[in-house]
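J.: Supplied in structure tokens, the structure appears directly below.
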Amino acid sequence: LSVTTMPGDDVTHPVPDNTGYITEGQFYLHNGVIDPFGSLSRLKQHVIGKVTREDHSQIMNTLIRFYAAARDAEQKQAMSFELSEFDERVLEFGRLFQQTFMDIEVSMPLEEALDTGWSILAECFKAEELLMKQQLIDKYFPKTGKNDHAPENV
């Protein structure tokens, strides 16, 4: 495992830019947590859904989509914009997602991570809001959860 630092979080700085490492994946750490938007994996397309569970790709994309929405809601909040009910739920999702998955100390098997992802989604959203394949929702979306507070008219 190679590690490099980036002065001022600048990926174009000569120190990280000229390390000479050619990696098949990298985790971008920011403020002690993994930043999924800067992280990458060139190998994931070879295993997701082929070697892993059928819902892996869809749950991964959905979690990151809502995490991006949470980051947008954080910016709205920081600029004192009024937050919608959806913004509030997406902020709660972002908090749960970061706490559960992004801390550098987190270590869990993939199957558990997929199930945990479904549980976090169910705490904050209704199944219809996920925009995922219905067969996956029917199979994996928890039937019970705190998702009763999500609005009826989605």
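Please treat every number below as a calculation from the coordinates, not as lab data. These figures come from a predicted structure and were not determined experimentally. Ideal geometry is used to build each Cβ from the backbone, glycine not excepted, and the neighbour counts take in all protein chains shown.
J.: Between Ile64 and Asp138, what FRET efficiency comes out of the Förster formula 1/(1 + (r/R0)^6) with R0 = 25 Å and r the beta carbon distance, rounded to 0.05? Don't skip to the answer; put the middle values down first.
T.: Details: r = 22 Å, r/R0 = 0.89.
Calculated transfer efficiency: 0.65.
J.: Give me the net charge of Asp87's neighbourhood, meaning all other residues with Cβ under 14 Å from the Cβ of Asp87; Lys, Arg count +1, Asp, Glu -1.
T.: On the way: positive: Arg71, Lys76, Arg89, Arg95; negative: Asp72, Glu74, Glu82, Glu85, Glu88, Glu92, Glu129.
Value of the local net charge: -3.
J.: OK, next. For the pair Glu128 and Lys76, what calculated FRET efficiency results from E = 1/(1 + (r/R0)^6), where r is the Cβ-Cβ distance and R0 = 30 Å, to the nearest 0.05? Numbers along the way, then the final one.
T.: Values: r = 24 Å, r/R0 = 0.79.
Efficiency for this residue pair is about 0.80.
J.: Could you check how many percent of all C-alpha pairs in segment 53-145 are farther apart than 15 Å?
T.: Working: 2541 of 4278 pairs.
Roughly 59 percent, rounded to a whole number.
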